[in-house]
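The values are calculated or read from the model by the stated rules, or taken from the named source; none is laboratory data. Because the structure is predicted, anything quoted here is derived from the model rather than measured. Using ideal geometry, Cβ is built from the backbone for each residue, glycine included, and neighbour counts are taken over all protein chains shown.
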Amino acid sequence: MPTLLLAPMEGLLDFVLRDILTRVGGVDRCVSEFIRVTGTLYPERVFLRYVPELLQDCKTASGVPVRPQLLGSDVVCLADNAARLAEMGAEGIDLNFGCPSPVVNRHRGGSALLEEPELLHRIVAAVRQAVPAHLPVSAKMRLGLHDDSRAEACALAIEAGGASELVVHARTKAHGYRPPAYWERIADLRQVVRLPLVANGEIWTVADALRCQQVSGCQSLMLGRGMVANPALARGIRAALGGNAELASLSWPQLMTLIAEFWRLVCAHLERDQQTGRLKQWLNLLRRVYPQAQTAFETVRTFHDPVDVARWFSAQALPDVRA
């Protein structure tokens, strides 16, 4: 069976949604939203804001490990913050070399670093040295910034720095999130590095996952938007590879129960002005797979007050939720 990782998605797939999605099953490990390091050694409370699972053996409520992710270009500061995370009980350290955000890139972070393979090497090596040897140090990269001409050099630099695993989002920063994903370039990288590679990008369905494995040569996959749109995607992949087919999908009533629990957690942990927006985001993506989500989204999109959302849930004859 492959290793299936749950990707971070800034502003959407945070600790609340990964709690819900890992309850469905099929996910082996999560990566946190990136924690941006800019010359400061953060106090523990900052890390706990992004990765509250650090207080419970760095696992979600359903027992799935969560690996904190750091982003930045300050070699020494990244190493210092990695060391602090290790002291707090992190499952490992992940490094972000893939974020395409223009703001992040302008400040020399994320995919902007793919223009500097030697800096990638120094960052990985410093973090590797800063944390105990038993803790894995992994990384995620895109194929490049403007083009993929440095992809091999970047992968080799990350490997030489001591990374134990590399997730490759099979697009450049210039590609953004537009299809297709160039999985064949991951196969090229497999020819030049020995460290385990994980394929990522445009995996929306079980069929996509199987084709990605075939084209990239990677058995292990990272699931992002596809898992948010279909929370049973990881289970479905496992079923297709010989698991229990009965677990390959979620009915809409089952999913609505999870959505109600998601809303409860959102109300418990997020600011009031963020709550309805977060529910709308998830329902919007769920429309790709569930026709019933279209009706739910059209209703909820008109709400701004969490009280109205709570009343809507009550009308669905679901477990009690409070704004």
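Here are some notes:
- Hits in the range 253-295 (condition: in a loop (DSSP other than H, G, I, E, B) and of a type in the set (D, E, K, R)): 271, 287, 288
- Boolean, residue 231 is at pLDDT 95 or above and part of a loop (DSSP other than H, G, I, E, B): yes
- Residue ID - modelled with the lowest pLDDT, chosen from residues in the range 248-261 that are surrounded by 15 or more Cβ atoms within 10 Å (Cβ to Cβ) and closer than 17 Å to residue 234 by Cβ: 248
- Evaluated against (1) of a type in the set (D, E, K, R); (2) farther than 20 Å from residue 4 by Cβ; (3) touching a helix residue (DSSP H, G or I) at 6+ places or on another chain (Cβ under 6 Å), residue 273 falls short on exactly one condition, (3).
- Test for residue 63: is it surrounded by fewer than 22 Cβ atoms within 10 Å (Cβ to Cβ) and either in the same structural domain as residue 278 (by TED's automatic domain parsing) or of a type in the set (Gly, Ala, Ser) (or both): yes
- In the range 100-112, the residues that are surrounded by fewer than 24 Cβ atoms within 10 Å (Cβ to Cβ) and either within 20 Å of the chain's Cα centre (by Cα) or hydrophobic (A, V, I, L, M, F, W, C) (or both): 100, 101, 102, 103, 104, 105, 109, 112
- Restricting the range 113-143 to residues that are under 19 Å from the mean Cα position of the chain (by Cα) and among the hydrophobic types (A, V, I, L, M, F, W, C) leaves a set whose member that is surrounded by the most Cβ atoms within 10 Å (Cβ to Cβ) is 143.
- Filtered residue count, the range 154-184, keeping only those that are of a type outside the set (Gly, Ala, Ser), touching a helix residue (DSSP H, G or I) at 6+ places or on another chain (Cβ under 6 Å) and farther than 18 Å from residue 93 by Cα: 4
- Single unsatisfied condition, residue 212 versus (1) assigned to a helix (DSSP H, G or I); (2) over 19 Å from residue 316 (Cα atoms); (3) not assigned by TED's automatic domain parsing to the domain that holds residue 186: (3)
- For the range 143-179, residues that are in contact with an Asp or Glu (Cβ under 6 Å, 6 or more places away or on another chain) and within 20 Å of residue 214 (Cβ to Cβ) total 1.
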